[in-house]
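For reference, the structure discussed in these notes is given below.
The values are calculated or read from the model by the stated rules, or taken from the named source; none is laboratory data. Just so we're clear, the structure is a prediction, and the values are computed from it rather than from any experiment. Here the Cβ positions follow ideal geometry from the backbone for every residue, glycine too, while neighbour counts run over all protein chains shown.
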């Protein structure tokens, strides 16, 4: 199941500096179905600030585990994936989160996978990367490649969540409007617009082609058409009432 695969990912923050970032990471993890958080050598973590930024992810923050070294944090993980914005001789096999997502999900279905993120000031060191079996580089403008820690976690988590097929988009409940229903609507609008003087009879066909083009830019559902018919019906009623109050022969 996709959910089981996501549960097998561990987010590892190496030497995080700011409690607010750790809390924001917890929030991002909850958004993307990730629940296992490990901190390696956190630097005097401000738990209060972390809790404030975690919002409704406080339970995930409370369940965090802390380790003295990266080796201990990833000791039970089959794949260890490090994130790095820097390139070099031993970082040239980096791939984007989207490229890695299918393979990482496959691995997570049978074992634990670690996603490792470095400290906010310098990122992962070469010693940290030595533990990593794969490297992720998040696409960004070359002029500024440094990402906020929680943003990096969110982007990686998002690609995994999408690739896992865990998201179920809402579906349109109203069926597409039939041609006959749309034609009834256009007839009502033609009458309404003639009644209020928006167009004259000799220009009506041309104006209605314009309306058809506007409403044809996206599919109309039955609900859409019935709302538009309701507006046309009310417009027609108001136009007839104004004509009645003016009386025969009175100018508009």
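Which one of the conditions (1) within 14 Å of residue 8 (Cα to Cα); (2) in contact with a strand residue (DSSP E or B) (Cβ under 7 Å, 6 or more places away or on another chain) does residue 128 fail to meet, given that it meets all the rest?
Status for residue 128: all satisfied but (1).
List the pairs whose first member sits in region 96-123 and is not assigned by TED's automatic domain parsing to the domain that holds residue 147, whose second member is outside any loop (DSSP other than H, G, I, E, B), and whose Cβ atoms are under 9 Å apart, counting only residues at least 6 apart or on separate chains?
Hits for this filter: zero, empty list.
I'd like to verify a number: residues in region 49-72 that are at positive phi and over 23 Å from the mean Cα position of the chain (by Cα), how many?
Adding up the residues that qualify gives 0.
Within region 111-123, work out how many residues are in a loop (DSSP other than H, G, I, E, B) and touching a helix residue (DSSP H, G or I) at 6+ places or on another chain (Cβ under 9 Å).
3
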